[in-house]
1. If the requirement is being farther than 23 Å from residue B:215 by Cα and in contact with a strand residue (DSSP E or B) (Cβ under 8 Å, 6 or more places away or on another chain), which of these qualifies: B:136, B:199, B:146?
2. Consider residue A:113 against the criteria (1) under 29 Å from residue A:30 (Cβ atoms); (2) within 11 Å of chain B (Cβ to nearest Cβ); (3) in contact with a helix residue (DSSP H, G or I) (Cβ under 8 Å, 6 or more places away or on another chain): it satisfies all of them except one. Which criterion is unmet?
3. Condition (residue is buried (at least 17 other Cβ atoms within 10 Å of the Cβ), closer than 23 Å to residue B:185 by Cα and free of Cβ contacts under 8 Å to residues at least 40 places away in the same chain) applied to segment B:392-401: is it met by at least one residue?
4. I need a count of the residues in segment A:271-291 that are surrounded by 15 or more Cβ atoms within 10 Å (Cβ to Cβ) and not in a helix (DSSP H, G or I).
5. Within segment B:338-352, does at least one residue satisfy the condition of being within 27 Å of the chain's Cα centre (by Cα), modelled with pLDDT of 90 or more and under 20 Å from residue B:176 (Cβ atoms)?
6. Only one of (1) within 20 Å of the chain's Cα centre (by Cα); (2) surrounded by fewer than 23 Cβ atoms within 10 Å (Cβ to Cβ) fails for residue B:268. Which number is that?
7. Looking at segment B:434-445, is at least one residue assigned to a loop (DSSP other than H, G, I, E, B), loosely packed, with under 15 Cβ neighbours inside 10 Å and either at the interface with chain A (Cβ under 9 Å from one of its Cβ atoms) or touching a strand residue (DSSP E or B) at 6+ places or on another chain (Cβ under 6 Å) (or both)?
8. Of the residues A:123, A:106, A:102, which is closer than 30 Å to residue A:14 by Cβ, surrounded by fewer than 19 Cβ atoms within 10 Å (Cβ to Cβ) and either more than 16 Å from the chain's Cα centre (by Cα) or within 14 Å of chain B (Cβ to nearest Cβ) (or both)?
């Protein structure tokens with residue numbers, strides 16, 4: 001870049017975006033041709049297609065299949081810089097975003113789109129035994145635990161311990177919980193069914209616990225019922241109105257009405273609650289933004305914070321009482337539309353034009369349960385089964401960011417469809433540690449072959 | 001499995017294989033129809049196609065693209081069990097292999113194929129700053145360091161520190177070192193060239209240090225020269241007769257003859273030496289096997305250990321003075337042939353037939369440097385350039401274990417070929433830690449934008 005260009009660039013309105021998820025990335029992409037300078041800050045160097053993260057956790061897809069390097073996606077936008085780092089503070093008066101290690105970036109407009117993290121409703125100690133699913137590392141961790149449980153079950157002779165290893169509890173019956181439970185059932189009952197010697201993986205129990213009286217609570221009741229039936233057909237035990245009260249020593253305790261029940265399970269997966277990411281608190285403490293009870297930022301009709309017309313919050317982190325109704329759900333569709341709206345709004349501001357307030361166009365909701373099993377709630381039309389499954393598949397491939405990701409995901413899904421195989425079933429990271437921790441619980445109870453060796457020729 | 005089958009199975013000759021690499025896996029596959037019972041033990045739940053590991057380290061392929069779950073690969077072999085665990089001892093008298101957590105497995109024949117690990121020639125403290133490349137975790141670690149160095153360089157204003165971040169030193173000019181250096185050059189000079197704002201990645205220096213007087217020492221001299229020229233065309237600085245004497249504080253010190261030189265580099269990759277894996281010592285201490293100076297086990301013409309006709313060592317862990325000459329190289333081709341030979345030998349023994357001793361059929365060697373650049377040494381024929389590259393590509397896809405891996409690798413390579421993109425460029429695991437450690441070295445020297453913010457409309 002020549003010095004004169006640098007100067008030109010310096011005089012442009014500077015839009016700083018924190019977070020490269022659906023909200024932040026779509027805003028950045030749409031601002032690529034606007035007469036502004038854009039800086040996208042993220043702790044990660046890639047955009048993650050979170051709706052398919054459960055497929056990484058269950059060994060169907062690789063992390064890179066659903067992740068796209070931010071620099072690569074934005075390479076054509078010559079007005080855009082990408083900074084990898086962690087924002088620790090915002091100074092709204094000086095219009096400066098501060099990162100770790102003494103890096104500061106000035107902004108004219110700031111878009112905060114850092115999303116949400118797991119919420120254990122005040123029981124953070126559960127997170128160790130019941131990990132959640134928000135990042136690639138979370139997915140790798142879940143995958144390691146799920147696959148290690150089968151490996152440990154294959155090795156033990158202690159039948160009670162074996163049972164605990166073959167129990168998989170998914171907590172939370174929203175889309176992520178439903179998709180996780182369905183895929184886990186397919187993994188155990190089909191993919192792995194002829195691969196072990198000492199266990200029958202078809203006997204693995206997949207138990208889905210949901211606090212409300214039906215799964216997929218935001219969907220129409222008919223679809224909740226259809227989803228439940230599909231799950232049960234796959235072999236998932238669906239327990240609704242089940243409030244988890246404790247997770248300790250690999251035992252899940254929950255209440256169904258007055259009844260208290262317990263399940264021994266080495267693998268417990270959390271898909272229940274979300275709370276605002278750390279930037280919510282920064283905006284509350286340092287900028288004076290109003291937060292809701294899970295820490296999300298309450299925004300104006302143009303997604304800005306009250307009294308800060310140049311600081312916007314979009315995506316899952318925003319609490320936007322759409323049309324005066326309840327907050328919009330934390331979905332990719334909402335975040336994408338808000339990201340595109342941001343680009344539209346800022347371009348209008350820079351050109352000193354009027355802009356409309358944000359209006360969410362609800363195209364409906366989709367959730368997949370398994371092979372040929374999905375539900376689609378298009379408001380005017382409700383679908384279930386094969387057609388919903390086909391639409392789900394098409395939509396997810398369509399929205400994947402990079403062309404090679406679309407191709408690779410299609411091939412992996414085709415391969416899985418025809419062979420029932422899942423080829424990303426790798427136990428990586430702390431690979432032996434998890435297996436040995438599980439085994440250590442019952443060390444001494446492992447299988448010992450004591451047969452007399454045959455005579456060697 | 002019914003009880004009578006279990007009894008039948010118990011009377012079969014039991015072959016225990018430790019290690020699911022090329023040697024162990026090929027032995028297990030070939031024994032699938034033999035009248036024996038097979039148990040394959042590995043610390044990992046997958047076979048790893050190590051020759052392509054450098055492509056994971058440089059963001060071209062995903063781990064699962066070059067890894068195949070052992071259970072999936074061996075699912076059709078009904079006489080075969082897979083055990084995930086770590087062998088800690090061998091009792092040759094009782095014919096028992098002992099694993100962690102009190103698991104013991106009897107054997108009639110034992111095949112040890114656990115390969116090799118990095119060797120720092122007595123300087124193990126170098127491993128922290130100059131990681132090697134043997135496992136998926138090693139590759140993810142290298143990928144994280146390589147990509148984090150560019151991210152940190154983008155952020156710093158300290159020109160000396162920036163230079164150190166843009167220097168990449170590869171130590172060792174064997175196939176792995178050559179392939180790593182060539183791919184790193186393509187990554188820096190092509191893939192990333194239009195993705196950064198503050199750095200020109202084409203100015204990154206890739207320096208390959210080799211102790212011998214030419215790269216690819218086992219190849220014919222003409223091919224070493226061709227490989228050097230190809231590397232230099234890609235922008236790699238090739239330094240031969242360069243003996244590394246120290247790695248400390250991100251400085252590599254090496255001697256060229258009498259001259260002592262130093263290079264500042266935040267990223268230093270080790271591809272120089274290998275030593276026997278831990279099972280070599282177990283065989284030496286507990287079974288009395290003879291070891292060579294890097295701990296490999298010296299074997300008889302039938303790959304057995306002297307005085308232990310039912311314990312065999314194959315693959316990289318074996319030192320086999322083929323035809324009385326120097327030991328066979330530690331390549332996939334040697335391990336595959338030894339694995340197949342094992343199956344042949346054990347089947348002959350069980351059927352009380354004579355078996356030949358092992359004979360290695362040398363089909364030649366292949367190493368790739370970059371796009372259209374490879375060398376092939378078929379002894380009777382030496383190739384370089386486009387044709388060698390094409391053969392290399394074909395051979396590697398052909399030998400990949402699973403069909404979906406072949407397809408996905410073809411697509412990723414095709415995508416990379418036509419677009420120069422590498423889409424598995426994810427910084428995962430301790431993602432911010434590495435970046436912040438690198439930045440921490442020069443905290444305070446990072447870029448601070450102090451421009452006056454423009455007036456917000």
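1. Just a single option satisfies the conditions, and that option is B:136.
2. (2)
3. Within segment B:392-401 (the criterion being buried (at least 17 other Cβ atoms within 10 Å of the Cβ), closer than 23 Å to residue B:185 by Cα and free of Cβ contacts under 8 Å to residues at least 40 places away in the same chain), the answer is yes, since at least one residue qualifies.
4. Total meeting the criteria: 9.
5. The answer is no, given that none of the residues of segment B:338-352 is within 27 Å of the chain's Cα centre (by Cα), modelled with pLDDT of 90 or more and under 20 Å from residue B:176 (Cβ atoms).
6. (2)
7. yes
8. Just one listed residue meets the conditions, A:102.
The values are calculated or read from the model by the stated rules, or taken from the named source; none is laboratory data. Just so you know, these numbers come straight off a predicted model, no measurement behind them. Backbone-built Cβ (ideal geometry, glycine too); neighbour counts: all protein chains shown.
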